[in-house]
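A short write-up of the structure that comes next.
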């Protein structure tokens, strides 16, 4: 296989905070923005793990780590908005399939108690 553009083959990590009971729907239907919101400004992902941890709330919060090939990012994500606190945040153009999920892990309790 010949690769014309190595940049397109790079994988980029993104993070989403949710609660454990939402995982089955995300795995089944993909990550979706709420109905009726401006999906470009309803941030669902960040490129910063610590930023995602700041979004983690509720009982049994977890972080989902997605890895998306560079040449597929624009298909799923709007252009990101940089935040000093949360990293670069992204809204979804369309549901993000679960095939991009690489790992899911609980948010440490210490992270929840040391937020701003």
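The values are calculated or read from the model by the stated rules, or taken from the named source; none is laboratory data. Quick caveat: nothing in here was measured; it's all calculated off a predicted structure. Cβ placement follows ideal geometry from the backbone for every residue including glycine, while neighbour counts extend to all protein chains displayed.
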Matching entry among 16, 12 (being closer than 24 Å to residue 109 by Cβ and assigned to a strand (DSSP E or B)): 16
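Here is a yes/no grid of residues against (1) more than 26 Å from residue 108 (Cα to Cα); (2) out of contact with any strand residue (DSSP E or B) (no Cβ under 6 Å at 6 or more places or on another chain):
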residue	(1), (2)
44	no, no
50	no, yes
53	no, yes
56	no, no
72	yes, yes
82	no, no
92	yes, yes
Identity of the residue in the stretch 70-100, in contact with a helix residue (DSSP H, G or I) (Cβ under 7 Å, 6 or more places away or on another chain) and under 23 Å from residue 29 (Cα atoms), that ends up surrounded by the most Cβ atoms within 10 Å (Cβ to Cβ): 96
Test: residue in the stretch 73-96 that is in a loop (DSSP other than H, G, I, E, B), free of Cβ contacts under 8 Å to residues at least 12 places away in the same chain and more than 24 Å from residue 35 (Cβ to Cβ): yes
Positions within the stretch 1-34 being exposed (fewer than 10 other Cβ atoms within 10 Å of the Cβ) and either at pLDDT below 90 or within 15 Å of the chain's Cα centre (by Cα) (or both), in sequence order: 1, 2, 3, 4, 5, 6, 7, 34
